Amino acid sequence: MPDLQRALRRVDEFQQRHRPFAFVFAVVKKFGDDQGGNLCAIITYYGFMSLFPLLLVLVTVLGFVLQGHPGLQHDILNSALTDFPVIGDKIRKNVGSVRGNGVGLAIGIVFTFYGGLGLANAAQDAMNRIWEVPMRARPGFVPRILRSLALVGTIGLGIIVTTVLSGVGGGSANLGGWVRVGVVVVAFVLNVGLFGLAFRVLTARDLAWGDVWPGAVVAAIGWEVLQAVGGAFVSHQLKGMSESVYGVFATVIGLLLWIFLQARVVLYAAEVNVVRSGRLWPRSIAPPPLTDGDKRAYEAYAATEERRPDERVEVDIGEAAKQVHR
């Protein structure tokens, strides 16, 4: 054990001295402290439950707004489902529209849309947890719904923009290579902007663009990498499942796995913002002693438990123990 401890100490000292390693470890450590895996699981559940209601609303609204333009409706729906490689075609085959007329149809759309806001609400909880927003400062029912609506609007804008860029980049054979590269760059920049906007909308804290742009870049890169390799990964995981016997089950498992991977990418990107903004590095692998980054992190964790405006949580961190005084 002493040899193992000495080796661990040397590794710890090395990562603390080298900023890139210290920052990466701090992000991973913060993700674990926030129980990021559980947050991803919750987002996955609500994402799965929200996907089909939101797609129903999308198909229904497109049917009214773009009536007489079935080609454009098809392109927008395809753009939305390209984020789900392998299983996107199966989802497309099972998505219809909300039926009815007049007031009944409007009520059906509203309640279906409201049922699809679970993902946005879960994402708000995750971002507020990651940013250590005190319980007393988190939004109530109405502000929460408004933020969720803003997020869904952001995603909808992203779908439309992606459709337009896909049509420009892939639908025109006469475009040169540099133009196609330009389209890809523009799409990437727009993705960075959309992720940055989503981070700001979802967090009940006044964040500037400077607070969220590093994580937005990480999220956009991770999203593109996931789109590039995710199809092969999901296909490998579903390999051997017979279409006739396990078709529906395989689709469900593939969809859950895909949403879970996307959630991890986005939450790790959000942790990059928090660690950078709060200077929560370097972190110690095997305390004691605690680093300054450790102390700042533990103080922020305790402050999240403030539930009333007149309540303040103070933290006294010693070398061997820490006490929380209310």
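The values are calculated or read from the model by the stated rules, or taken from the named source; none is laboratory data. Given the structure is predicted, the values throughout are model-derived calculations rather than measurements. Reconstructed Cβ throughout: ideal geometry from the backbone, glycine too, with neighbour counts over all protein chains shown. Note: areas computed on protein heavy atoms with side chains; ligands, DNA, RNA excluded. Shrake-Rupley method; radii C 1.70, N 1.55, O 1.52, S 1.80 Å.
Of the numbered criteria (1) modelled with pLDDT under 90; (2) open to solvent by less than 30 Å² (accessible area, probe 1.4 Å), the one N174 fails is (2). Flag not set for V189, criterion: of a type in the set (A, V, I, L, M, F, W, C) and open to solvent by less than 30 Å² (accessible area, probe 1.4 Å). What's the total number of residues in the stretch 109-141 that are open to solvent by less than 30 Å² (accessible area, probe 1.4 Å) and either acidic (D, E) or touching a strand residue (DSSP E or B) at 6+ places or on another chain (Cβ under 9 Å) (or both)? Summing the residues that are open to solvent by less than 30 Å² (accessible area, probe 1.4 Å) and either acidic (D, E) or touching a strand residue (DSSP E or B) at 6+ places or on another chain (Cβ under 9 Å) (or both) in the stretch 109-141 gives 1. Here the condition is being among the small types (G, A, S), under 28 Å from A123 (Cβ atoms), over 18 Å from the mean Cα position of the chain (by Cα) and at pLDDT below 90; of G104, G108, it holds for G108 alone.
Among the residues of the stretch 17-60, those identified as closer than 27 Å to V110 by Cα and open to solvent by 60 Å² or more (accessible area, probe 1.4 Å) are I42, Y45, Y46, M49, F52.
Of all residues in the stretch 267-285, those satisfying the criterion of being open to solvent by less than 20 Å² (accessible area, probe 1.4 Å), more than 16 Å from H18 (Cα to Cα) and not β-branched (V, I, T) are L267, A269, A270, E271, N273.
For the stretch 1-16, name all the residues that are in contact (Cβ under 8 Å) with a residue 40 or more places away in the chain and either among the aliphatic types (A, V, I, L, M) or open to solvent by 70 Å² or more (accessible area, probe 1.4 Å) (or both).
Step one: of the stretch 1-16, the residues in contact (Cβ under 8 Å) with a residue 40 or more places away in the chain are 5, 8-9, 11-12, 15-16.
If the condition is that a residue be in contact (Cβ under 8 Å) with a residue 40 or more places away in the chain and either among the aliphatic types (A, V, I, L, M) or open to solvent by 70 Å² or more (accessible area, probe 1.4 Å) (or both), then Q5, L8, R9, V11 are the ones that fit.
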